[in-house]
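The values are calculated or read from the model by the stated rules, or taken from the named source; none is laboratory data. In this text the structure is predicted, and so the values were computed from the model without any measurement. Cβ: placed from backbone, ideal geometry, glycine included. Neighbour counts: every protein chain shown. Side chains are part of the model used for accessible areas, which takes the heavy atoms of the whole protein and leaves out ligands, DNA and RNA. Shrake-Rupley method; radii C 1.70, N 1.55, O 1.52, S 1.80 Å.
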Amino acid sequence: MSETDREAMEYDVVIVGAGPAGLSAAIRLKQLDPEREVVVLEKGSEVGAHILSGAVLDPVGLDALIPDWKERGAPVDVAVKSDKFFYLGESGKFSVPTKLMPPLMNNHGNYIVSMGNVCRWMAEQAEELGVEIFSGMACSELVYDVEGHVKGVVAGEFGRNPDGSKGDSYEPGMELHGKYVFLGEGVRGSLSKEAIARYDLNEGSDVQKYGLGMKELWEIDPAKHNPGSVVHTMGWPLGNSAGGGSFIYHLNDNQVYVGFVVHLGYKNPYVNPYLAFQQFKHHPYVKELLTGGKRLSYGARAITEGGWQSLPKTAFPGGALLGCAAGMVNVPRIKGNHNAMLSGKAAAEAAHAAIEDGRSGDVLKTYDAEVREGPIGKDLRPVRNVKPIWSKYGLQASLALGGLDMWTNTLGFSLLGTLKHGPTDAAATEEASKHTKIDYPKPDGRISFDRLTNVSFSNTNHSESQPPHLKLKDADVPVQVNLPKYAGLSQRYCPAGVYEFTKDEKTGEDRFVINFQNCVHCKTCDIKDPGQNIVWTPPQGGDGPNYPNM
């Protein structure tokens, strides 16, 4: 409970995060009862500013929420026309026949979209219904009632000095109270972490697994542009060093999304996901596509990859976890936005029924049941073994055995049951002495780029007058443990150049530097740090990346 006196505002439902899950919940609540008081709080400078996703969208969520979305002008208009999978070698590629893949892998009927723009459109639909949406409002605390149930959040605190003290222009923010609080913060949200820990929501579920997704938006030669083309690759340059793959999506206006995902369960601390991404673009197939084009934007975001067996309880006293706050990505399909929308709709329906019954602050058990037994569970359960097979036995086993398991699941059974994931991504990291350094090519400045230059294309900004939002539990660990034991892996796993080790000019001693101004809010440090010594917290509202058309 906060010790600062704040004004409070009362709502029926308070929603944290204006992503596809949170906006879907807000829209559905107003559809069910136009008089319902609903507020959505977004930490980005505007709706969509912090949204980063592939994305090939399965419209099943939109169909359920807004059946006439086409007539309403949703920015969902580039239908998938072709769908290819390649296994890459260093200079060549092998096509993986799509006919061998289960029907659930087919992208027919899906759309290439900017989820940032989709969320901007969804926000317009929500506001037309009377939903209040406040951007630039980071939520820094959960607020509890006397029984220990969540009753609200603290939002809009500004003006603390770098040391954490209250500055001359300090604004305490407000408490926004609701009968229910929905957390739609996305992957590894700070309030979601608190709720999961406080209410032991992970009891009975497997560890959560993650990937790091990096993405660039390119404008390419019109002669090379093929709207509706979807390409996924696996293999080079990751090899056996880490799991992952790439995507290349042709949208409209001669633009292409080029993305790269690295599973964060890798063992070798010398792996540099960002440089692997830049190296990938020099594969002859990719380089030919990008040559003559220009990069327009860059961003990075962690992805929940644990799937069915890693789902925590999604309802807690006074609230619910929506979308990626719980982890609803279908890994082999590389899709989660549809499930995020479905989760928001389901949570809204559960809260509406509860409020109609005169309830508040309790556990929305019907929501958790709908997540597991409804379309979300039916989407996640058949693919539950693909990720653990990949993590334990490698890419080839995942393609063969994981594919077979998906096929049998379409028939209603699995030969493998439900496999476990193994250690957390942090615990999977091995000491540097067990591995050799990986030499990545230097970016050429035309096809590939250094991190700091690319970060400038994310339009990231943080006020330097505030406390750093990246916290160390123990300030001595980076230099005394992570540098000698893991070769200072934070300077490699971060896709934005936030962390670096330098030498003190006077003493020659090693120093750990946190350039929090560069942070694109991907949360990788919070996930991958071996001792879980780095904690990501939200900076003041409005700070961070400002993604256009991503």
Open item on the list: Suppose a student asked you for the relative contact order of the stretch 451-550, using Cα pairs under 8 Å spaced at least 6 residues apart; what percent would you report?
Closed with: 40 percent
TODO: Rounded to the nearest 500, what is the 222 nm mean residue ellipticity of the chain from helices alone, with -39500 (n - 2.57) per DSSP H run of 4+ residues and division by all residues?
DONE: -6500 deg cm²/dmol
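List the GluC sites (Glu not before Pro) in the stretch 421-527 that DSSP assigns to loop (not H, G, I, E or B) and whose Cβ has at most 15 other Cβ atoms within 10 Å. Which are they? Please report the intermediate quantities before stating the final value.
Working: sites: 430, 431, 464, 500, 505, 509; in loops: 430, 431, 464, 505, 509.
The qualifying sites are 430, 431, 464, 505, 509.
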- [ ] Working with all protein chains in place, sort 215, 345 by solvent-accessible area computed with a 1.4 Å probe, largest first.
- [x] 345, 215
Task: the stretch 437-473 versus the stretch 329-389: alpha-carbon centroid distance in Å - done: 35 Å
- [ ] With semi-axes √(5λ) of the Cα gyration tensor in Å in mind, check [x] 47, 28, 20; [y] 33, 30, 23; [z] 35, 29, 27 and report the label derived from this structure.
- [x] [y]
- [ ] Could you look at the stretch 387-534 and say what percent of its accessible area is carbon and sulfur, using a 1.4 Å probe and all protein chains?
- [x] 52 percent
- [ ] At 25 °C and 0.890 mPa s, grab the translational diffusion coefficient of the stretch 260-363 from Stokes-Einstein with a Kirkwood Rh over Cα pairs, rounded to a whole number in µm² per second.
- [x] 142 µm²/s
Open item on the list: Given axes a ≥ b ≥ c from the Cα gyration tensor, I'd like to know whether the stretch 343-499 is rounded (a/c under 1.5), prolate (a/b larger than b/c) or oblate.
Closed with: oblate
Open item on the list: Rounded to two decimal places and with Rh computed the Kirkwood way over Cα pairs, what is Rg over Rh for the stretch 438-528?
Closed with: 0.98
Task: For the stretch 379-394, Karplus couplings with θ = phi - 60° (6.51, -1.76, 1.60), whole Hz, Gly/Pro x - done: 7, 8, 5, x, 10, 5, 9, 4, 5, x, 5, 4, 5, 8, 10, x
Task: Interchain or long-range residues, amide H under 5 Å from residue 9's placed H - done: 175, 176, 177
Open item on the list: Give me, ordered by chain and number, the residues 5 or more places off residue 319 or on other chains with an amide H under 5 Å from its own placed amide H.
Closed with: 181, 364
Open item on the list: So if I take the centroid of the Cα atoms in the stretch 11-88 and the same for the stretch 475-502, what is the distance between those two points in Å?
Closed with: 37 Å
- [ ] State in Å² the accessible area per residue of the chain; use a 1.4 Å probe, count heavy atoms of protein chains only, and round to the nearest integer.
- [x] 40 Å²
TODO: Please identify every one of the GluC sites (Glu not before Pro) in the stretch 181-236 that sits in a loop by DSSP and has no more than 12 other beta carbons within 10 Å of its own beta carbon.
DONE: 203
Task: Radius of gyration and Dmax over the Cα atoms of the stretch 395-471, both given in Å - done: 21.6, 58
Open item on the list: Need one number: % antiparallel among DSSP beta bridges in the chain, to the nearest 5.
Closed with: 70 percent
Task: Estimated inter-spin distance, residue 99 and residue 446, nm [label 7 Å along Cα→Cβ] - done: 4.1 nm
Task: Proximal charge balance of residue 448 [Cβ under 15 Å; K/R count +1, D/E count -1] - done: +3
Open item on the list: Can you compute the modelled spin-label distance between residue 31 and residue 285, with each label point 7 Å from Cα toward Cβ, in nm?
Closed with: 3.9 nm
TODO: Lys and Arg at +1, Asp and Glu at -1: add these up for the other residues within a Cβ distance under 9 Å of residue 191 and post the number.
DONE: -2
Task: HN-Hα J in Hz across the stretch 56-63 - Karplus 6.51, -1.76, 1.60, θ = phi - 60°, x for Gly and Pro - done: 9, 9, 7, x, 4, x, 5, 4
TODO: Would you grab the residues whose amide H sits under 5 Å from the one on residue 514? Only those 5+ places off in sequence or on another chain, please, with H modelled 1.01 Å from N.
DONE: none
Task: Karplus-derived HN-Hα couplings along the stretch 419-434 (A = 6.51, B = -1.76, C = 1.60, θ = phi - 60°), whole Hz, x at Gly and Pro - done: 7, 8, 7, x, x, 5, 4, 5, 5, 6, 5, 9, 5, 4, 4, 8
